[in-house]
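Each remark here refers to the structure printed beneath this line.
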Amino acid sequence: MTQQQNNQQVVEREFGWDDTLTEDPKEFVLLPAADYDFRILSFERGRYTPGPTSKMPACNEANLKVEIINPMDPTGESNPVLKYRLFLHSRTEGMLSAFFASIGLKEKGQPAQMNWNLVPGATGKCSVKIKLYNGNQYNEVAKFIPRYDLEPQTQQVGYQAPVQQTAQPVQTAPTTPTGNFTSGKF
């Protein structure tokens, strides 16, 4: 498999036990809690298997890799990639609707079929929060923001009858002669 990075093709490969490492680790970036643009890098189909204390029953799940666009880094090198799971169950239909509405694939008040082929590469806006786990702070997607909540609502203008214009009498001001003009017969 290959990846494109800065117009150079990088070949992915398996390392041998004695290979040399040349890349430095990427710096961990913790973004402040806020709303950010995002891009879906990939998604994988999976199956959720509940544990003994789970509230969610067994169901399909979509495992997303969500790249959060860091507005402070125009190069995109410090964009964090967050994992997010969407459970395909009636209990989470609101979250599924919010996700598809955030990437522009669901309109408000309209049913929409989930088209997973359009998900990789899709963009939208989400709220990111900071999660504390085992004494460490991490970013986490809190919610996806539907596009129709972001775009200004245009007013629906009803039918308006055309305005009829009536001819108004035109009044002209009398002109006064100037120069060598003499009124009368010629």
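Straightening the chain between GLU12 and ALA34 buys 4.5 nm, computed as 0.36 nm per residue apart minus the Cα-Cα spacing. Applying both filters, DSSP loop and at most 16 other Cβ atoms within 10 Å, to the GluC sites (Glu not before Pro) of region 65-111 gives GLU77, GLU107.
As an exercise, identify the trypsin sites (Lys or Arg not before Pro) in region 48-144 lying in DSSP coil whose Cβ has no more than 12 other Cβ atoms within 10 Å.
LYS55, LYS108
Over 28 Å apart at the Cα level, from the set LYS26/LYS108; LYS26/LYS55; LYS26/LYS106; LYS55/LYS83, are LYS26/LYS108; LYS26/LYS55; LYS26/LYS106.
Phi-derived couplings, Karplus 6.51 cos²θ - 1.76 cosθ + 1.60 at θ = phi - 60°, listed residue by residue for region 90-97: 4, 5, 10, 4, x, 5, 4, 4 Hz, with x used for Gly and Pro.
Give me the extension gain from GLU93 to ASN117: residue separation times 0.36 nm, minus the current Cα-Cα distance, reported in nm with one decimal.
Working: separation 24, 0.36 × 24 = 8.64 nm, distance 1.89 nm.
Contour length minus the Cα-Cα distance gives 6.8 nm.
Any read-out appearing in this document is the output of simple, stated calculations on the displayed coordinates, not a laboratory observation. Because the structure is a prediction, the values reported are computed rather than measured. Please note: Cβ atoms are built from the backbone with ideal geometry, for glycine as well, and neighbour counts cover all protein chains shown.
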